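Participant: Got a structure for you, questions after.
The values are calculated or read from the model by the stated rules, or taken from the named source; none is laboratory data. On a predicted model such as this, the values are computed, not experimentally measured, just so you know. Neighbour counts are summed over all protein chains in view; Cβ atoms, including those assigned to glycine, are modelled from backbone coordinates with ideal geometry. Calculation scope for accessible area: heavy atoms of the full protein, side chains included, ligands and nucleic acids excluded. Shrake-Rupley method; radii C 1.70, N 1.55, O 1.52, S 1.80 Å.
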Amino acid sequence: MNSSISGANSGTTQTLMGGGGTEAARRGGVSAAGFIGAAEAPLGTITGFAAETAPFALTSPQIVPEEGARLARAERFELQAVARSILPGHRIRGCLLYRRPDTYSVEVRRSGVSGLAYYANLQVCGRGAVCPLCGARIAEHNRGEIQTALDVWRAFGGVPALMTFTMPHYRSQALSDNVPALLAAYRGLTGNGSYRKLARAAGLTYTIRSLEVTYGSRNGFHPHLHVLGFFGSGYGAAGFPERLPILWLAELQRHIEITNADHVLERGVTFQLGFSAGAEYLSKVGRAWGLAEEVAKANRKKGRGDHYSPVQLLCHVRDNTLPEAAVVYQEYAEASRGLHFLQWSRGMRAALGLGEEKSEEEKADGEDQRDAVLASITSEEWRAVRAGGWQARSRLVELADFDEDAALAYLAHLVKRFHQIAT
Ligand SMILES: [Zn+2]
């Protein structure tokens, strides 16, 4: 390992001094030896492209990433590979594996917010419901925007409320039947005249609706909605939360057969007012793929009782601890195609100054042009990284979190091994 490190470092010096890599560097295609900011690189020789590629030496002090977030990222690489192995023909199969055609090289960057290293310039699947890596990036993006919306709303003097809408579900129901029924019932509710009148009187101005799907061996899929309601400062009109269950029951009855109406009236809707409810909503949005430290903890538990989130299902597939997990995940992937898991009510984003919503792919690529570029990896080198499987891709960014030299050495090692195997 030692010889590999020193070999890589001397390669850095040679490439940069000899000028052989300059053309590649100008295009952003720095060679394996071209990790920017490598300690041994003589400063004078890197200034030629330093201005274009923003070496991290010029950026603000490095943020130390949280250990929980690092573990979670590693687990996502692994679980994405698990998902890929059970979803033939799905877009996830190419996710974060191939360079975007409009770029010259795969980059390793370091987030100025979390301190975590990540890959940029790769194609992403953008299927946040199915792909752990895209899901986490999308959830992180959404959480940031929802937090902003809550802050703005607080400044306006308004108050949020968390509402949850559930439906009875049975093991025999297909997810492709009960998700559309749930969404249709909610659409029906919000279009219902009595509901609208009540909502207006209570000061309900905007909503963010998110769909969550869990699975249990006993009762099958459990799709449900978490709705964050934004109430104006005039909230207080009695009757809104009290009337919701009866209105919800009536809408559900239009779409599915309800055998136990009392159960729906008692448990079908919850209503929680206040900013602590807003915080709870935020944690739910991040929960699907478990952001940061919550993740590792949640995954270890593999679901409380008999309720598994998508990420927990993938853990079961990996560990072979729930016989039907793979089939259930495949059904979930198929049924979630084309669904909007998060929806802002009309006019809300503009009113709160959030601008147009990004596409799922844009959210999933997670790139911030202000982040420091630690390395540019050529297509040839990237092929070697890819050949190392998820373990290699995960390890490379883990090393880059703290030590570009170590990451560089590892990259050189991967390239060497790739050529050894190839010849
Ligand atoms: Zn993806």
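Participant: Evaluate the following for Gly239: is it touching a residue at least 24 places away in the same chain (Cβ under 8 Å), out of contact with any Ser or Thr (no Cβ under 6 Å at 6 or more places or on another chain) and open to solvent by 30 Å² or more (accessible area, probe 1.4 Å)?
Facilitator: When the stated conditions are applied, Gly239 does not pass them.
Participant: Still on this model: State all residues of region 120-135 that are within 12 Å of the ligand (Cβ to nearest atom) and either farther than 20 Å from Glu334 by Cβ or of a type in the set (A, V, I, L, M, F, W, C) (or both); if no residue qualifies, say none.
Facilitator: Passing the criteria: Leu122, Gln123, Val124, Cys125, Ala129, Val130, Cys131, Leu133, Cys134.
Participant: Of all the residues that make up region 82-98, how many are more than 11 Å from the ligand (Cβ to nearest atom), open to solvent by 30 Å² or more (accessible area, probe 1.4 Å), in contact (Cβ under 8 Å) with a residue 24 or more places away in the chain and not in a loop (DSSP other than H, G, I, E, B)?
Facilitator: 0
Participant: Quick one: count up the residues across region 147-183 that are aliphatic (A, V, I, L, M) and open to solvent by 20 Å² or more (accessible area, probe 1.4 Å).
Facilitator: Taking region 147-183 and keeping what is aliphatic (A, V, I, L, M), we get 149-150, 152, 155, 159, 161-163, 167, 174-175, 179, 181-183.
If we keep only those that are open to solvent by 20 Å² or more (accessible area, probe 1.4 Å) as well, we get 152, 155, 159, 174, 183.
Final tally of qualifying residues: 5.
Participant: Further question: Give region 191-202 a look and list any residue that's touching a residue at least 40 places away in the same chain (Cβ under 8 Å) and open to solvent by 20 Å² or more (accessible area, probe 1.4 Å), or say none.
Facilitator: Step one: filter region 191-202 for residues touching a residue at least 40 places away in the same chain (Cβ under 8 Å), giving 192, 194-195, 198-199.
Of everything in region 191-202, those that are touching a residue at least 40 places away in the same chain (Cβ under 8 Å) and open to solvent by 20 Å² or more (accessible area, probe 1.4 Å) turn out to be Asn192, Ser194, Leu198.
Participant: Whether any residue in region 189-199 is over 28 Å from the mean Cα position of the chain (by Cα), more than 30 Å from Gln80 (Cα to Cα), among the basic types (Lys, Arg) and more than 16 Å from the ligand (Cβ to nearest atom) is what I want to check.
Facilitator: Yes, region 189-199 contains a residue that is over 28 Å from the mean Cα position of the chain (by Cα), more than 30 Å from Gln80 (Cα to Cα), among the basic types (Lys, Arg) and more than 16 Å from the ligand (Cβ to nearest atom).
Participant: Taking region 352-373, which residues are farther than 24 Å from Cys131 by Cβ and touching a strand residue (DSSP E or B) at 6+ places or on another chain (Cβ under 7 Å)?
Facilitator: Ala372, Val373
Participant: Okay, moving on. Taking Glu266 as the residue in question, decide whether it is at pLDDT 90 or above, among the acidic types (Asp, Glu), in a helix (DSSP H, G or I) and over 22 Å from the mean Cα position of the chain (by Cα).
Facilitator: So Glu266 passes the test.
Participant: Across region 333-358, which residue is nearest to Phe156 (Cα to Cα) among those that are within 16 Å of the ligand (Cβ to nearest atom) and surrounded by 19 or more Cβ atoms within 10 Å (Cβ to Cβ)?
Facilitator: Phe341
Participant: Quick test of your reading of the structure: Thr103 fulfils all but one of (1) within 16 Å of the ligand (Cβ to nearest atom); (2) closer than 12 Å to Asp365 by Cβ; (3) out of contact with any Asp or Glu (no Cβ under 9 Å at 6 or more places or on another chain). Name the failing condition by number.
Facilitator: Failing condition for Thr103: (1).
Participant: Given the conditions (1) in a helix (DSSP H, G or I); (2) within 16 Å of the ligand (Cβ to nearest atom); (3) over 14 Å from Glu367 (Cα atoms); (4) of a type in the set (Gly, Ala, Ser), report the number of the one that Ala181 does not fulfil.
Facilitator: Among (1) in a helix (DSSP H, G or I); (2) within 16 Å of the ligand (Cβ to nearest atom); (3) over 14 Å from Glu367 (Cα atoms); (4) of a type in the set (Gly, Ala, Ser), Ala181 violates only (2).
Participant: Continuing with the same structure: Just one of (1) closer than 16 Å to Leu342 by Cα; (2) within 16 Å of the ligand (Cβ to nearest atom); (3) buried (at least 21 other Cβ atoms within 10 Å of the Cβ) trips up Leu228, so point out which.
Facilitator: Only one criterion in (1) closer than 16 Å to Leu342 by Cα; (2) within 16 Å of the ligand (Cβ to nearest atom); (3) buried (at least 21 other Cβ atoms within 10 Å of the Cβ) is unmet by Leu228, namely (2).
Participant: Collect the residues in region 136-160 that are touching a strand residue (DSSP E or B) at 6+ places or on another chain (Cβ under 8 Å) and within 16 Å of the ligand (Cβ to nearest atom), keeping them in residue-number order.
Facilitator: Answer for region 136-160, where residues must be touching a strand residue (DSSP E or B) at 6+ places or on another chain (Cβ under 8 Å) and within 16 Å of the ligand (Cβ to nearest atom): just Asn142.
Participant: I've got another one for you. Identify, by number, the condition in (1) over 16 Å from Gly234 (Cα atoms); (2) free of Cβ contacts under 8 Å to residues at least 60 places away in the same chain that Gly188 doesn't meet.
Facilitator: (2)
Participant: Could you list, ordered by first residue, the pairs with Cβ atoms under 6 Å in which the first is in region 147-173 and β-branched (Val, Ile, Thr) and the second is surrounded by 14 or more Cβ atoms within 10 Å (Cβ to Cβ), at least 6 apart or interchain?
Facilitator: Val152/Leu352; Val159/Phe231; Val159/Tyr235; Thr164/His226; Thr164/Thr270; Thr166/His224; Thr166/Gly268
Participant: When you check Pro101 against the structure, is it farther than 26 Å from Val317 by Cβ, assigned to a loop (DSSP other than H, G, I, E, B) and open to solvent by 40 Å² or more (accessible area, probe 1.4 Å), yes or no?
Facilitator: Yes; evaluated as a whole, the condition is true for this residue.
Participant: If you don't mind, there's one more thing I want to ask. Which residue, of Glu398, Glu361, is part of a helix (DSSP H, G or I), surrounded by 14 or more Cβ atoms within 10 Å (Cβ to Cβ), modelled with pLDDT of 95 or more and of a type in the set (D, E, K, R)?
Facilitator: Glu398
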